[in-house]
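To start, the structure under review is shown below, and the notes come after it.
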Amino acid sequence: MTEPLRRFFVPPGSLRARNVTLGADLAHRLGRVLRLKRGDRVLLSEGGGREYEVQLTGVSSYALTGVVLGEREALPEPEATLVLYQSLIRANRFDLVLEKGTEIGVSRFVPVISARSLVQGDGEPAAARGERWRRIVIEAAEQSGRGRPPRVESPLPFEEAVQQARGEKLMPYEGERGRSLGAYVRRLSRRPDIVSLFVGPEGGFEDAEVELARESGAEIVSLGPRILRSETAGIVASALVLDALGELDA
Ligand code: SAM
């Protein structure tokens, strides 16, 4: 069996001609890190829903050249837009949510500063952190075959996040006993185009935050009788929403 081709996102405009030249970043990743060489084939995408099979014609440390052999539609993105408002937690755990959420099908991540958030204070400047988050979702989207990487917004205070959230708003809360997330979404009379999902930090949401979410029209839902860590809750809740909407069907 032939191995599937590896996929990479390239900057918009890179694939306009049959002969392509790509810059030092990709040359480093493909040539130095992945040891790809002249003659190898890869799939390249500008993130616009199409992907291109490219044969490498030259790999050096500062540039990569190739020739486009064919073009096809990339895997479609989920029809429903799932926006995960994930409260900030310890950096490595937040990174895990970005990676796994991307694989599952989250369309947009909004990091939320809620009352009990562990604001990531390990000295990493905001710009570097944003760049790292972006790299994580790009690599996860490449690996999982998504047509475009999800967006990662700048962190927002909880109140602003609740105000800007659109569509069907859901807040998993460990104090909720009656309403299960998956069952609730499956029973909606109209399939939502957008779902905004709020997940609390390690210490949970404060009562006032739950109240504010409720007042803004969010449904408070349960993820079952066991208390999940915040990163587990973000990943599990995303999968439950997408499954209930049929986005994980074969
Ligand atoms: N501090 C809380 C406690 O010990 O009771 C637990 C908070 S939990 C670790 C972090 C977040 O995950 C919560 O704010 C909630 O959004 C979500 N979560 C975890 N388990 C849940 C469950 N069984 N049902 C609904 N939401 C849950």
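When you look at P172, is it within 12 Å of the ligand (Cβ to nearest atom) and either farther than 26 Å from P12 by Cβ or out of contact with any strand residue (DSSP E or B) (no Cβ under 6 Å at 6 or more places or on another chain) (or both), yes or no? Show your work before the answer.
On the way: within 12 Å of the ligand (Cβ to nearest atom): yes; either farther than 26 Å from P12 by Cβ or out of contact with any strand residue (DSSP E or B) (no Cβ under 6 Å at 6 or more places or on another chain) (or both): yes.
Against the criterion (within 12 Å of the ligand (Cβ to nearest atom) and either farther than 26 Å from P12 by Cβ or out of contact with any strand residue (DSSP E or B) (no Cβ under 6 Å at 6 or more places or on another chain) (or both)), P172 qualifies.
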Worksheet item: Quick one: in region 210-250, which of the residues that are within 13 Å of the ligand (Cβ to nearest atom) and of a type in the set (S, T, N, Q) is nearest to the chain's Cα centre (by Cα)?
Response: S238
Worksheet entry | Qualifying strands (runs of 3 or more DSSP E) (wholly inside region 1-107; at least 2 residues being touching a Pro at 6+ places or on another chain (Cβ under 8 Å)) | 81-87
Discussion item. I'm trying to understand the selection: among the residues of region 190-209, which are open to solvent by 80 Å² or more (accessible area, probe 1.4 Å) and more than 6 Å from the ligand (Cβ to nearest atom)?
Written reply: R190, R191, D193, D207
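The rows are residues; the columns are (1) farther than 18 Å from R135 by Cα; (2) in contact with a Cys (Cβ under 9 Å, 6 or more places away or on another chain); (3) free of Cβ contacts under 8 Å to residues at least 60 places away in the same chain; (4) not small (G, A, S).
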position	(1), (2), (3), (4)
N19	yes, no, yes, yes
L30	no, no, yes, yes
L36	yes, no, yes, yes
G48	no, no, no, no
S60	yes, no, yes, no
L64	yes, no, yes, yes
P78	yes, no, no, yes
L96	no, no, no, yes
G101	no, no, no, no
Discussion item. Considering only region 75-85, I want to know if a residue exists there that is open to solvent by 40 Å² or more (accessible area, probe 1.4 Å) and closer than 23 Å to P157 by Cβ.
Written reply: yes
Worksheet item: Is it the case that some residue within region 140-151 is open to solvent by 40 Å² or more (accessible area, probe 1.4 Å), away from the ligand (no atom under 16 Å from the Cβ) and touching a strand residue (DSSP E or B) at 6+ places or on another chain (Cβ under 7 Å)?
Response: yes
Worksheet item: If R187 satisfies every condition in (1) more than 14 Å from the ligand (Cβ to nearest atom); (2) touching a residue at least 40 places away in the same chain (Cβ under 8 Å) but one, which is the exception?
Response: (2)
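The values are calculated or read from the model by the stated rules, or taken from the named source; none is laboratory data. Owing to the predicted nature of the structure, the values given are computational and were not obtained by experimental measurement. Here the Cβ is made from the backbone with ideal geometry for all residues, glycine too, and neighbour counts use every protein chain on show. Ligands, DNA and RNA are stripped out before the accessible areas are found, and what is left, the full protein with its side chains, is counted by its heavy atoms. Shrake-Rupley method; radii C 1.70, N 1.55, O 1.52, S 1.80 Å.
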